[in-house]
1. Using C-alpha positions alone, give me the convex hull volume of region 1-133 per residue in cubic angstrom.
2. Assuming R0 = 60 Å, can you tell me the calculated FRET efficiency for the pair Asp198 and Asn405, based on Cβ-Cβ distance, to the nearest 0.05?
3. Taking a ≥ b ≥ c as the square roots of the eigenvalues of the Cα gyration tensor of region 357-485, is the shape rounded (a/c under 1.5), prolate (a/b larger than b/c) or oblate?
4. Listing Met343, Met180 from the residue with the fewest other Cβ atoms within 10 Å to the one with the most, what is the order?
5. Determine, for Val458, Val152, Val311, Val64, the number of other Cβ atoms within 10 Å of each Cβ, and report the residues in order from fewest to most.
6. On average over all directions, what projected area in square nanometres does region 194-278 have, based on the convex hull of its Cα atoms?
7. If you restrict to DSSP beta bridges whose two residues both lie in region 407-485, what percentage is antiparallel, to the nearest 5?
8. Hey, for a label at Arg122 modelled as a point 7 Å past Cα toward Cβ, could you say which residues of region 27-42 have their backbone N under 19 Å away?
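Only the coordinates and a few stated rules stand behind these numbers; no lab work does. A quick note: this is a predicted structure, and the numbers were derived from the prediction, not measured. As a convention, Cβ positions derive from the backbone with ideal geometry for all residues, glycine included, and neighbour counts pool all protein chains shown.
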Amino acid sequence: MANRGAVASGHELTSRAARFAIEEGGGAADAAIAAAWMACVVEPVLTSPGGGGFAMLAEAGERVELCDFFAHTPRRHAAGVGGEDIGCDFGDTVQTFVIGHAATATPGFVPGLFALHQRAARLPMNRLLAPAIETARSGWEITGFQAYLAQVVLAILAHDEETAATYLVDGRPPPPGARMSNPRLADFLEKLADGGIDSYVNNIWPRFLAQQRNHGHLREDDFAHYRPIWRQPLLLEEAGAQVFLNPPPAASGALIGLALDDLDARPPSAPNLARALDAADTARKATGHDLAALIAQFGPPSWRGTTHISVIDGHGNACAITISNGEGNGHVVPGCGFMLNNMLGETDVNPAGLDGWPPDTRLSSMMAPTITRHDNGSLHALGTGGSNRIRSAMFAVIARLLRGNMSLRQAVEAPRLHVEDGFLDFEPGLPEEEAEQLRALFPQHRLWQAPNLFFGGVHGASLAPGGRLDAFGDPRRDGAAEIIP
């Protein structure tokens with residue numbers, strides 16, 4: 001093949017870390033791991049070693065499997081602890097999250113990347129950590145998008161003195177072009193490079209526990225019992241392609257599959273997409289979030305949240321990895337330079353609320369790393385951030401790729417829409433006839449003034465039948481793509 005790899009992610013330096021791994025002789029898994037570590041440095045509002053995620057891994061022409069390293073609920077409820085409601089302003093809407101130590105579930109990020117490394121990587125972990133360590137130590141330039149994100153979650157980043165000192169400049173979000181560094185995060189990553197997962201257990205757990213002991217639910221046995229889980233993806237046949245989706249307990253695959261099934265053979269016009277999204281949302285409410293009942297509605301499939309990284313290497317291996325810290329719990333771990341997650345405070349992840357979560361349970365998620373394999377030999381690796389809009393973003397892109405004959409770039413850039421509880425949000429740029437149909441179908445609607453990160457950021461890589469690699473990063477979330485020759 002002419003090129004050795006293709007990657008798309010939410011930051012130029014994240015994609016560049018993946019490129020480094022490919023150029024060092026690594027494959028898709030190596031590139032995804034290196035990029036994930038870098039994302040913790042340069043995309044700190046979206047992900048962190050204190051969070052978790054999912055990785056969809058495909059070996060060329062062989063098995064496809066899903067590594068679930070998402071957050072896990074504590075093994076018991078602690079008495080007398082609580083959280084704090086925080087509003088995040090997206091401009092056209094405000095979304096409320098709960099933060100605080102009691103909003104933190106057991107993180108899986110670090111064990112998950114080590115599990116993915118053991119399964120499929122070629123390079124040693126210390127090499128894959130090197131770009132992130134160097135950048136955290138020497139510094140990087142704040143992009144306009146990252147400055148905007150910091151403004152959206154300013155109340156969280158300014159929640160306490162150490163958190164503000166880590167992420168802000170004189171109490172304000174760093175402006176575009178400002179240079180930031182995070183030496184404490186570099187120290188943390190160096191411990192992992194030197195001592196591996198044992199260093200995480202021996203040196204980092206005690207710091208987590210010191211924070212949690214009097215204010216949160218997590219105890220030593222929560223960390224000791226945590227394990228990444230390898231699962232068979234949810235497999236759908238769609239328009240001459242196999243679509244590998246995140247299986248339960250994640251909710252995303254079932255909802256995307258239900259929407260694809262409702263769309264059936266209809267063209268992916270905006271009104272048809274909206275109808276299918278509404279049908280899936282109606283089914284979600286009617287079944288009381290019962291994923292088995294949802295899946296049963298679109299036939300017996302095979303069983304095989306946030307920033308995203310998609311990689312395909314020159315041998316046809318693919319890795320789609322979606323990672324999240326929620327919005328962070330508002331407190332930096334002492335000496336580590338990052339926050340733990342606030343997954344117990346996200347309603348789409350934990351609809352039972354801060355006091356109602358079931359103990360010792362892998363949380364559900366809307367995160368949807370996805371791989372499609374086509375009869376003609378082509379391949380896509382896809383995924384997005386975007387909270388509960390993940391399902392609608394992924395459904396629209398998959399439908400437009402498979403049924404609309406769009407290129408990767410066209411499918412990602414096309415106007416997005418989201419339907420929830422009968423209310424339609426949609427972006428500008430649709431043909432007027434389709435926009436009028438949407439208004440008639442959904443009297444309760446909101447037309448956004450411009451494309452927005454509210455609708456996710458689908459970063460994708462593709463392999464064409466002739467072997468050509470391509471990648472495209474969603475401009476809604478400052479996407480950056482690299483083709484590695």
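1. 151
2. On the way: r = 51 Å, r/R0 = 0.84.
Calculated transfer efficiency: 0.75.
3. oblate
4. Details: Met343 28, Met180 18.
In increasing order of surrounding Cβ atoms, one gets Met180, Met343.
5. Val64, Val152, Val458, Val311
6. It is 9.7 nm².
7. 75
8. Correct set: 27-36.
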